[in-house]
Amino acid sequence: MAVALELSNVSKVFHKDKKPVRAVDGVSLSVSPGEMVTFLGPSGCGKTTILRMVAGFETPTGGAVSIDGRDVTNVPVNRRDIGFVFQNYALFPHMSVFENVAYGLRVKGLGEADIRRKVGEGLELVGLKGADKAFPNQLSGGEQQRVALARVLVLEPKVLLMDEPLSNLDAKLRIHMRTEIRRIQKQLDVTCLYVTHDQGEALTMSDRIMVMNKGKVEQIGP
């Protein structure tokens, strides 16, 4: 079941050359269960920093992050039930597609029968049924991106975070993958935060768009 996500006056200050830099400046956002919200803005505007705070890779300097009504601001990454799809696919080159997708399930301690079933379902969902024995270097960029997505989805995260996942693909493939990601997100009814600097991508995929600049929210709307 989809969950709600809440950012309450979240800020993040980094120190560069001993000077404070306010990367995120008092951002508040309520995301409804199953909603897809895209953060749009130029490089360095704070989009990815917010995503990393939701995931738990960064701790906010101020404010709070809540998932499903629970304050997770200081909860470790592995206890947040978050799925994160990175800009670089971060696949294990020495592992088959099957083992890449199965990796998180093995870490969770699932039995072999459950792992086989879930990996099969995950690969079918992303349109890679029958590719389980292939290795990452035998796949196209789009197929590698699908494997990275399947690896996250089989863990059934409460919130899906995506950080410019299509930026390494060519234009034609990007347009196709936009449609696929949106289809999967709707099918699974998963709450999703998506980061991009591509306006077309944001406009075609999102329920709402949050426009950011210099750590602040400039505008938010459908």
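For the reader, a short list of remarks on this structure follows.
- Breaking point among (1) assigned to a loop (DSSP other than H, G, I, E, B); (2) modelled with pLDDT of 95 or more, for residue 3: (2)
- Within segment 24-38, the residues that satisfy the criterion of being open to solvent by 20 Å² or more (accessible area, probe 1.4 Å), of a type outside the set (S, T, N, Q) and farther than 24 Å from residue 189 by Cβ are 25, 26.
- Residue in segment 129-155 that is farthest from residue 83 (Cα to Cα), counting only those that are within 20 Å of the chain's Cα centre (by Cα) and assigned to a loop (DSSP other than H, G, I, E, B): 154
- Count of residues meeting criterion [part of a strand (DSSP E or B) and over 15 Å from the mean Cα position of the chain (by Cα)] in segment 186-209: 2
- Complete set of residues in segment 92-110 that are at pLDDT below 90 and assigned to a loop (DSSP other than H, G, I, E, B): 109, 110
- Selection of first residues in segment 133-149 that are open to solvent by less than 70 Å² (accessible area, probe 1.4 Å) and of second residues that are of a type in the set (S, T, N, Q) and not in a loop (DSSP other than H, G, I, E, B), restricted to Cβ pairs under 6 Å at least 6 apart or on distinct chains, gives the following pairs, ordered by first then second residue: 136/144; 147/100.
- Test set (1) over 28 Å from residue 65 (Cα atoms); (2) modelled with pLDDT of 90 or more - residue 217 fails condition number: (1)
- Here segment 78-97 is the region considered, the condition is being open to solvent by 20 Å² or more (accessible area, probe 1.4 Å) and touching a helix residue (DSSP H, G or I) at 6+ places or on another chain (Cβ under 6 Å), and the residue that is nearest to residue 156 (Cα to Cα) is 82.
- Flag if residue 155 is surrounded by 22 or more Cβ atoms within 10 Å (Cβ to Cβ) and among the hydrophobic types (A, V, I, L, M, F, W, C): no
- Per-region count, segment 156-168, residues modelled with pLDDT of 90 or more and either out of contact with any Lys or Arg (no Cβ under 9 Å at 6 or more places or on another chain) or part of a helix (DSSP H, G or I) (or both): 2
- The set of residues from segment 45-74 being assigned to a loop (DSSP other than H, G, I, E, B), of a type in the set (Val, Ile, Thr) and open to solvent by 20 Å² or more (accessible area, probe 1.4 Å) comprises 59, 61.
For (1) crowded, with 21+ Cβ neighbours inside 10 Å; (2) not in a strand (DSSP E or B), each residue gets a yes or a no:
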{"residue": "181", "(1), (2)": "yes, yes"}
{"residue": "184", "(1), (2)": "no, yes"}
{"residue": "211", "(1), (2)": "no, no"}
{"residue": "218", "(1), (2)": "no, no"}
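- Test: residue in segment 14-21 that is out of contact with any helix residue (DSSP H, G or I) (no Cβ under 7 Å at 6 or more places or on another chain), β-branched (Val, Ile, Thr) and either in a helix (DSSP H, G or I) or modelled with pLDDT under 95 (or both): yes
The values are calculated or read from the model by the stated rules, or taken from the named source; none is laboratory data. On a predicted model such as this, the values are computed, not experimentally measured, just so you know. In this analysis, Cβ positions are derived from the backbone assuming ideal geometry, glycine residues included, and neighbour counts consider all displayed protein chains. With ligands, DNA and RNA removed, areas are computed over all heavy atoms of the protein, side chains included. Shrake-Rupley method; radii C 1.70, N 1.55, O 1.52, S 1.80 Å.
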